[in-house]
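Q: I have a structure here, written as structure tokens, and I will follow up with some questions on it.
Values quoted throughout were computed directly from the atomic coordinates according to the rules given, and no laboratory measurement underlies them. Quantities reported herein were computed from a predicted structural model and do not represent experimental measurements. Here the Cβ is made from the backbone with ideal geometry for all residues, glycine too, and neighbour counts use every protein chain on show.
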Amino acid sequence: MRFDSIIGQERPIRFLTQMLKKKNIPHAMLFTGVDGIGKRTTAMALGMALNCTNPVGVSACGECPSCQKVISGAHPDMITIRPEGAFIKIDQVRALSRQLRFAPLEGSWRVVIINDAQAMNLEASNAILKVLEEPPKNTFIVLTASQTTDLLPTIVSRCQQVAFRPIPYEKVAEVLVELQGLDRQTATTLAVSTKGSLGKALSVDGEKWTVWRARLVEQISSFSIRSIQPVFGFVAAIASDKDRLVDALDMIMTWFRDVLMCKVSPERIINKDFMTKIQNASQGRSVNELLEKVEAVHAAQTAISKNSNPRLALEVMMMRVLK
């Protein structure tokens, strides 16, 4: 949980360490970005640094009693709130408000981390807004969320915002090679497929993912409008697998992007281990045709993200890409 252990977020870390050097600590911060890129780890590192009794520069030492309690989850002044089920509820915020009436028990700061703040229901959002409007002394609050638009504007306006970017694919791939023993090609493709989310990439079983990816590519590259029944079976299977629906669409998008790149910039192909299939799929197709296929997949992704019927969106997509 030290700052130097956080991968691929040099800009946010530089901003935070400068903030600590100047001792200019706001009462609340909002970390935004996709899941698995270091927002929560950075919030913990920041909280640990604020109460470290033997800091290394502005970073926590990781070894003093305060740091050890943070690492073990036992520090009484480090409070983490996360969704219970689908939401962060009003009772959780009320319990927090009661705790904040008192001074920190051991450290100089009480640190509150609200993970997935976008999951706060309206009552919880209004309750946390009151806390932000009248922040308790020596209390530092960090909210993490996917994007600012998921929160009440009044909450966003009362927080110092720090944007976290997806981790460069090369860095994610390096970690996957080192920690999971994946070959470089598989690691790179997985890094791209998980959109630079190291946390998500590390949560994937590399061997099972490789088999799943190969099967998906085999199917999408072999379908034909002349034999429509297997296409509908494919759509039904993807639509019913809700845990992998978004990943499947991302993989399909990567496939058609590679087929397009084969025409215009072959060195940028991601799925290099499927080069022969990609070359075959690009033959006889114009750039405009392939752009239409990419747009068809993008339209399906957009529709599903807006809660459209997944099966219908996928069927429309497949009819467009098989033209």
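Q: Most fluctuating residue of 202, 46, 152 in a GNM of the chain with Cα springs under 10 Å: which is it?
A: Sorting by GNM fluctuation, first place goes to 152.
Q: Stretched out fully, how many nm does the piece from residue 24 to residue 203 gain, at 0.36 nm a residue minus the Cα gap?
A: Taking residue 24 through residue 203 to full extension adds about 60.8 nm, to one decimal.
Q: From Cα pairs below 8 angstrom and at least 6 apart in sequence, can you work out the relative contact order of the chain, rounded to a whole percent?
A: 17 percent
Q: I'd like the antiparallel share, as a percent to the nearest 5, of DSSP beta bridges with both residues in the chain.
A: So the antiparallel bridges amount to about 10 percent of the total.
Q: Compare 212, 109, 255 in a GNM of the chain, Cα atoms joined below 10 Å, and give the one with the largest fluctuation.
A: Of 212, 109, 255, the most mobile in the Gaussian network model is 212.
Q: Follow-up question, since we're still on this one. Using 16 Å as the cut-off for backbone N distance, which residues of region 75-107 belong to the label zone defined by a point 7 Å from the Cα of residue 138 along Cα→Cβ?
A: Under 16 Å, as judged by backbone N against the label point of residue 138, lie 76-79, 99-107 of region 75-107.
Q: What is the gain in length, in nm to one decimal, between residue 80 and residue 320 on full extension, counting 0.36 nm per residue of separation less the C-alpha to C-alpha distance?
A: Computed gain between residue 80 and residue 320 is 81.8 nm.
Q: Between residue 244 and residue 7, what is the spin-label point distance in nm, taking each point 7 Å from the Cα along the Cα→C-beta axis?
A: Here the answer is 2.4 nm between the modelled labels.
Q: Within a 10 angstrom radius of the beta carbon, how do 292, 267, 84 rank from fewest other beta carbons to most?
A: Ranking 292, 267, 84 by Cβ neighbours within 10 Å, fewest first, gives 267, 84, 292.
Q: Set Lys and Arg Cβ to +1 and Asp and Glu Cβ to -1, take the dipole of region 48-149 about its Cα centre, and tell me which of 66, 53, 99 lies farthest positive.
A: Farthest along the dipole direction, towards plus: 99.
Q: Follow-up. Distance between Cα centroids, region 58-100 to region 259-323: provide it in whole Å.
A: Cα centroid of region 58-100 versus Cα centroid of region 259-323: 44 Å apart.
Q: Could you work out which residue, out of 105, 182, 50, moves most in a Gaussian network model of the chain, that is, has the largest mean-square fluctuation with Cα springs under 10 Å?
A: Top of the fluctuation ranking is 105.
Q: While we're looking at this one, here's another question. Choose one of 24, 9, 41: the residue whose Cα lies farthest towards the positive end of the charge dipole of region 1-51 (beta-carbon charges +1 Lys, Arg; -1 Asp, Glu; about the Cα centre).
A: Going by the Cα projections, it comes out as 24.
Q: What net charge is computed for the residues neighbouring residue 239, neighbours being all others with C-beta under 14 Å from the C-beta of residue 239, Lys and Arg scored +1, Asp and Glu -1?
A: -1
Q: Sticking with this structure for a sec: Are any of the pairs 200/242; 208/277; 200/277; 23/195 more than 24 Å apart by Cα-Cα distance, and if so, which?
A: In this structure, 200/277; 23/195 lie more than 24 Å apart at Cα.
Q: Between residue 185 and residue 160, take the C-beta separation as r, use R0 = 41 Å, and let me know the FRET efficiency to the nearest 0.05.
A: In this case the efficiency is close to 0.50.
Q: Round to the nearest 0.05 the FRET efficiency obtained for residue 56 and residue 99 when R0 = 22 Å and r is the Cβ-Cβ distance.
A: Computed FRET efficiency for residue 56 and residue 99: 0.15.
Q: Starting at 0 and stepping by 5 Å, how many percent of the alpha carbon pairs of region 205-321 end up in each bin?
A: In whole percents, the pair-distance histogram is 2, 11, 22, 25, 21, 14, 5, 0.
Q: Here's something else I'd like to know. Explain nothing, just the number: dipole magnitude of region 3-163 about its Cα centre with +1 on each Lys and Arg Cβ and -1 on each Asp and Glu Cβ, in debye rounded to the nearest 20.
A: The calculation lands at about 400 debye.
Q: How many nm is it between the label spots at residue 275 and residue 298, if each spot is 7 Å from the Cα in line with the beta carbon?
A: 2.8 nm
Q: Quick check on region 3-163: of the DSSP beta bridges with both residues there, what percent are antiparallel, nearest 5%?
A: 10 percent
Q: Further question on the same structure: Would you mind working out the magnitude of the charge dipole of the chain relative to its Cα centre, with +1 at each Lys and Arg C-beta and -1 at each Asp and Glu C-beta, to the nearest 20 Debye?
A: Roughly 540 debye, rounded to the nearest 20.
Q: While we're on this one: Have a look at region 1-140 and give its Rg and Dmax from the Cα atoms, expressed in angstrom.
A: 14.8, 41
Q: On to the next question. Quote to one decimal, in nm, the extra length available between residue 149 and residue 15 on full extension: 0.36 nm per residue of separation minus the C-alpha distance between them.
A: Net length gain for the segment: 46.0 nm.
Q: Cα-based Rg of the chain per 2.2 N^0.38 Å, rounded to two decimals?
A: Compared with the compact-globule rule of thumb, the chain sits at 1.18.
Q: So for region 205-321, averaging the separation of alpha carbon pairs under 8 Å that are six or more residues apart and normalising by length, what relative contact order in percent results?
A: 26 percent
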